[in-house]
Amino acid sequence: SVGELASFAAAGVLDPSLALELAGARAAAMDRCAAAVPGGLLAVSGLSSAQVQRLCETSGAALAIDNGEHAVVLGGPHAALQAAEQAATDAGGRCTRLHVDVASHTPWMQAAAAEFAQVLSASILRAPHIPLFSNADDRITSAAQAARALAEQISRVVRWRACMEQLHERRPACVLE
């Protein structure tokens with residue numbers, strides 16, 4: 001997900017050197033948040049959207065990344081992920097624990113998102129000079145929207161499926177990822 005910073009730099013929203021600086025600030029904010037609520041991520045496949053929603057409700061985990069029909073990543077505290085993994089397996093799903101100690105793209109990262117928003121408010125950002133889409137805020141057209149999207153994507157669901165659908169609808173000749 002740090003790729004958003006690189007994408008925004010490539011689109012002219014921020015200078016590459018600032019993107020590197022912001023990556024460090026973002027990581028530090030997320031690490032502080034993760035220290036307060038230890039957690040992680042769990043890839044789940046083979047379940048319907050309705051099953052995933054029930055799984056989140058019963059386990060206490062949250063949807064972190066929507067990769068498409070039958071493929072998601074859940075995030076949350078370790079106990080919630082353990083409960084989600086057991087329930088998903090019992091329901092016929094396949095699970096893989098990701099080797100991260102951060103519940104990225106979930107409500108447990110809201111403090112990190114707020115901290116990063118403060119860092120971004122002191123940064124020089126510009127409107128993109130090429131079409132730019134964010135997993136947090138669809139198409140980015142202004143510096144203010146870019147700052148909001150970069151901060152919010154830390155604690156909001158990555159809507160990868162929706163991003164790919166939007167790109168497909170526009171039929172671009174080239175896509176940089």
Mind listing just one residue for me: the one in the range 1-50 that is within 24 Å of residue 108 (Cβ to Cβ), in contact with a helix residue (DSSP H, G or I) (Cβ under 8 Å, 6 or more places away or on another chain) and open to solvent by 40 Å² or more (accessible area, probe 1.4 Å) and, of those, modelled with the lowest pLDDT?
2
Does residue 120 fit the bill of being surrounded by 15 or more Cβ atoms within 10 Å (Cβ to Cβ), among the aliphatic types (A, V, I, L, M) and assigned to a loop (DSSP other than H, G, I, E, B)?
no
Can you name the residue in the range 148-175 that is charged (D, E, K, R) and touching a residue at least 24 places away in the same chain (Cβ under 8 Å) and is also nearest to residue 41 (Cα to Cα) among such residues?
156
Of 145, 110, 82, which residue is free of Cβ contacts under 8 Å to residues at least 12 places away in the same chain, surrounded by 13 or more Cβ atoms within 10 Å (Cβ to Cβ), in a helix (DSSP H, G or I) and in contact with a helix residue (DSSP H, G or I) (Cβ under 9 Å, 6 or more places away or on another chain)?
82
Please specify each residue of the range 24-53 satisfying the condition of being part of a loop (DSSP other than H, G, I, E, B) and polar (S, T, N, Q).
48
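The values are calculated or read from the model by the stated rules, or taken from the named source; none is laboratory data. Keep in mind that this is a model prediction, so the values were computed, not measured. Heads up, the Cβs are rebuilt from the backbone with ideal geometry, glycines too, and the neighbour counts pull from every protein chain shown. Heads up: the accessible areas ignore ligands, DNA and RNA and are worked out on the full protein's heavy atoms, side chains in. Shrake-Rupley method; radii C 1.70, N 1.55, O 1.52, S 1.80 Å.
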